[in-house]
Amino acid sequence: MVDAIEEILRGSSGMTAEQIETLADEAGVGLFTIDITTGKIAMNRIIANLTQYQLGELPESMETRDILTFEDDRERVHNAMESIFTADAQFYHVEYRMRRRDSSLVSVYECGMISERDEAGRPTSISVLALDLTRLKWAQDKARQMETENRRLAKSQTENSLAEQNRMLRAANSAAAMIIGGFHEEYEMVLRQALQMLAESVQADRAYIWRNRLVDGRLFSFRRVLWERGGSFGFTSETSIAYGGSELVPYDELLPDWEALIEPGFSIITNENNKEVLDKYGINMVAGVKGCMVQPIYLHGEFWGFVGFDDCTHADRVFTEDEADIMLSATFVIASSVARNETLKVVNDAREAAMASTKAKGDFLARMSHEIRTPMNAIIGMTTIAKRTRDPEKVRYCLDKVDVSSRQLLNIINDVLDMSKIDANKLEIVPAPFDFEQMIQDVISVVKVKLEEKNQHFQLAMTDIFTRKLISDELRLTQVLINLLNNAMKFTPEGGTITLKVDEIVSGNILHIEVADTGIGIDPENQDKLFHSFEQADGGITRQFGGTGLGLAICKRIVDLMGGNIWIDSVLGEGSNFIFEIPVSWDDKVLAPMNEHGVRMVEELPDAPDWREKTILLADDIDINREIVETILSESEVGIVFAENGEEAVEAFKKSPELFDLILMDIQMPKLDGLGAAKAIRALADEIPKAGDIPIIAMTANAFKEDVEQSLSSGMNGHIAKPVEIDELFAILTRYFEV
Ligand code: ADP
C-alpha cells in the first residue's frame, strides 16, 4: 500500500506543482510543498483534515513541520528529509507520529522527493506526500486481534466453528495479499477474485463494492465490482435495474439519511424477515436474497463507498459480528487498493496524454518551421542574387523562383488558417455557379510546371463533357484537387503517371473524382490516419518529401461540408488512388464548347477597360501594397490618389470629394484604421452628400467572415482579400464603375 505513494511521486515527476497538488487531493493523500529557497511551506486540505487545523491557520514556514511532528520523532523526520540532499536516493521514506490540534497523535507514512531544480541543478522545491496510517494500522491490528481471538476460541469452541473462523481469516488474508501485491494488468479480474474469496469464506452468493462519487455537491454511488456465484442467481437486482446497472445512484434516493444512519466500522446486517432493520434503512430486499450484510467503507476519514454480501441459499441467514469484522478489515484493504489504482490511473493517463500531445505538437512545429523556412530561404536567397546581378535573364530567373516560393508560402499559411477555421468550426462552403471544365483546365495548368519538372505523365480521363456550370464552391473544390494532385506528384517518383478521372454519376447527381498515381503507396494501417490533422503515414518518408500533414485533413473537411465522401484505395509500393464524391447540381445555361487549348470559344481575352475618366482613392500604409495595386490598374489608366493611413484618407476625401469615384481601403493602418476611416467618411454625409454613397471597398489580409461583416457594418460596400488577384480587382471595380 505504501509503495503506492512512491509510485505516485515517481509518476508525478515532470508534473507541475499544481498538478501534483490536484493529484494528491484526488487520491486523498496529504501533501506538503516546500520551497527551499524561501523556506515557504504549503500543505493541502487532507493534511489539514488529518491534523484538525484550518488551512492557513499554521505559519507558512518550516516551523509548521515542527508543530505537526511529535517531539520524539522530529530528529528522525529531519534526518530523513536531509538524506535526499546528500544521498543518491531519489526518495526518502519515514514513518512517524503527527500531532493534531487537540494534541492527539496520528501515525503517518511520509515519502518525499526533490520536485524542482534550478538551471544549475540545485534543488529548489520538495514535494512530500503523507498517508494516514491509522486506518491501515487499524486493519492490521484488527486482523491480529482476530487471530488472537481465534486462538482463544480454539480452546473453548468446537472444531467446527474454529475451522470456520480460520477459513475466513485465511480468505481475508489471501484476498488482501492478492490485491495489495502490485499494479496488476489484470486488475479487474484480481479484484473480482479477491471479492469472491471473501464472499465464499462467509458463504455468501454475491458480493459487491460500490464506490461513492461527489458530483456537483451531490453524493452518488456506482457499482465498482461485483461477484456472483456461478451466475446462477443472475444478478438482476431490482436496485441494479432501477438504477441502470453500474450507473450513478444518488444517496438521497438510496439512503436519504445516510449521514445520520451510518458511521465507520459498523455493519447493517439483516435477513428477509427483519422488518425493523429493513424499514430503518429503507432496504428493499432483492428477490431471492435471504440475508445480507452491508458495510460502509471509510478511507482517509471520508465516506468512500460500501461493500455488501448477499446470501441467497440459507433461509433466515444472519451474518455474525465476527464475519462482519473480518470482512470489513479485508474490504478496507481492497478499497484502499481500488483508490490507489484510480490514482495511478489518473497519473498515468495524464502523463501519457501530456506526452502524446507534446510530441504531436513538437513534431508539427518542427515540420512547420522546416516548411516555412524552405521557401523563405529561397525568397531571400533569390532576391539577394537578383539585386546583385545586371543580367536581365538571371533576374527573371530569380523572380520566377521567388514567385514559386512565395506561392508555396502562401499555401502553407492558408492551410494553417484553414485548419484553425476547421478547429473553430468556421470553414464554410459558398456555392455559386462556375465553369467546371474550365476549372479542371486551370487546375491542370497550375500543376503542369511541377509535372514537367518531375518528368511525370499526366492523364485526364473525363468521360462527360460538362456543358453547363456547376453549382458548388469553386475555390474549395480547386483546393481539394490541387492538394490531391500535389500529393500524387510528391509521392510518385520521376517518370510515374498521375491520372485525374472525372465522372458524373448522373442518376445520383454525384460528381465522382479520382486522383491516381503510380507512386509509393500507403500501407492499410496508415490509410485512415491520414485524414486527421498533423498525421503522416511514415515519419521517415515525410522527412524525405516534406509537408505539414494538414492537407488531407482539410480536404476531408471540405468534402464533408459539401455532403460528400473521400477515401483511399492504395497498395503499398504500387500507387494510391484518392477518390471523392460530392452531390452536385448544374446551372441551366448551356456553355459554348471548348477549343483544344481548353478555352471556351466565345471567350476572348477582354481588353483592359478604359477608366481614364475615373479616379480612386487608395489608402494603404505599406508601400509595396500601393505599388502592386497601381501596377495592376495601370493599363486601365485610372487615376489614383494615395493615402498612407486612415486620417490621410479622410482628409484627402474631404478636400476634393468630387474627384473620387471609389475608395480602396486597407483595414490595418496606423493613426486611424480602415474601419474608423470608413465610419468617419460616412459621418460626413450631412455636409458632403457624396460621403454617403461613394463605394468603399475594404482590402485586407483578414479574410474571415467576421472581418467582412465588420467592414460592412462600418459602412463599406465590399471586400477584396489580399494578396490582391488581378481578376478580382478588375471585377469589383467594373461592378462599381459601370452602374
Ligand atoms: P502533407 O502536407 O504532409 O503531404 P497531407 O495531409 O496532404 O500532408 O498528407 C498526409 C500524408 O499522407 C503524407 O505525409 C503522406 O504520408 C501520405 N500521402 C498523401 N498522399 C499520398 C500519395 N498520393 N501517395 C502516398 N502517400 C500519400
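Since every read-out is calculated from the coordinates, none of them should be taken as a lab result. These numbers were taken from a predicted model, which means no experiment stands behind them. In this analysis, Cβ positions are derived from the backbone assuming ideal geometry, glycine residues included, and neighbour counts consider all displayed protein chains.
Residues in the stretch 375-387 carry Karplus couplings, in order, of x, 4, 4, 4, 4, 5, x, 5, 5, 4, 4, 4, 5 Hz; the curve used is 6.51 cos²θ - 1.76 cosθ + 1.60 with θ = phi - 60°, and Gly or Pro positions show x.
Dipole size of the stretch 669-739 about its Cα centre, with +1 on Lys/Arg Cβ and -1 on Asp/Glu Cβ: approximately 180 debye, rounded to the nearest 20. Packing around the peptides 393-404, 44-55, 666-677, taken as the average count of other Cβ atoms within 10 Å per residue, puts them in this order, highest first: 666-677, 44-55, 393-404.
Which links in Lys679/Lys722; Lys454/Lys490; Lys614/Lys722; Lys401/Lys450; Lys448/Lys722; Lys401/Lys556 stretch past 20 Å when you go from one Cα to the other? Result: Lys679/Lys722; Lys614/Lys722; Lys448/Lys722; Lys401/Lys556 exceed 20 Å. Fully extending the segment from Thr37 to Met462, taken as 0.36 nm per residue of separation minus the present Cα-Cα distance, adds 145.6 nm.
Set the Förster distance to 51 Å, then compute FRET efficiency between Leu659 and Arg388 from the Cβ-Cβ distance, nearest 0.05.
Approximately 0.75, to the nearest 0.05.
The calculated FRET efficiency for the pair Lys454 and Asp560, based on their C-beta separation and a Förster distance of 35 Å, comes to about 0.70.
Placing a label point 7 Å from the Cα of Val404 along the Cα-to-Cβ direction, the residues of the stretch 481-521 with a backbone N closer than 16 Å are 486-487, 489-491, 494-495.
Amide hydrogen proximity for Ile720: with H placed 1.01 Å from N in the peptide plane, the residues at 5 or more positions away or on another chain lying under 5 Å are Ala698, Met699, Thr700. I'd like the FRET efficiency for Thr374 and Ala701, computed as 1/(1 + (r/R0)^6) with the beta carbon distance as r and R0 of 25 Å, rounded to 0.05. The calculated FRET efficiency here is 0.70. Here the stretch 70-113 is described by how far its Cα atoms reach on the three principal axes: 38, 15, 12 Å, from widest to narrowest.
When we measure straight from the Cα of Lys501, which aspartates and glutamates land under 16 angstrom away, once same-chain ones fewer than 8 places off are left out? Excluding near neighbours in sequence, the set is Glu437, Asp442, Asp464, Glu514, Asp517, Asp569, Glu581.
What does the highest-first list of 446-457, 29-40, 92-103 look like by mean Cβ count within 10 Å?
Sorting 446-457, 29-40, 92-103 by mean packing, highest first, produces 29-40, 92-103, 446-457.
Here the extension length gained between Arg351 and Glu247 equals 34.7 nm, from 0.36 nm per residue of separation less the Cα-Cα distance.
Remark: spin-label model distance Glu342-Thr124 equals 3.4 nm, labels positioned 7 Å along the Cα→Cβ axis.
Fully extended, how many nm does the chain gain between Ile622 and Ile505 (0.36 nm per residue separation, minus their Cα-Cα distance)? The partial results should precede the final answer.
On the way: separation 117, 0.36 × 117 = 42.12 nm, distance 4.97 nm.
Full extension from Ile622 to Ile505 adds 37.2 nm.
Remark: spin-label model distance Leu214-Glu635 equals 7.4 nm, labels positioned 7 Å along the Cα→Cβ axis.
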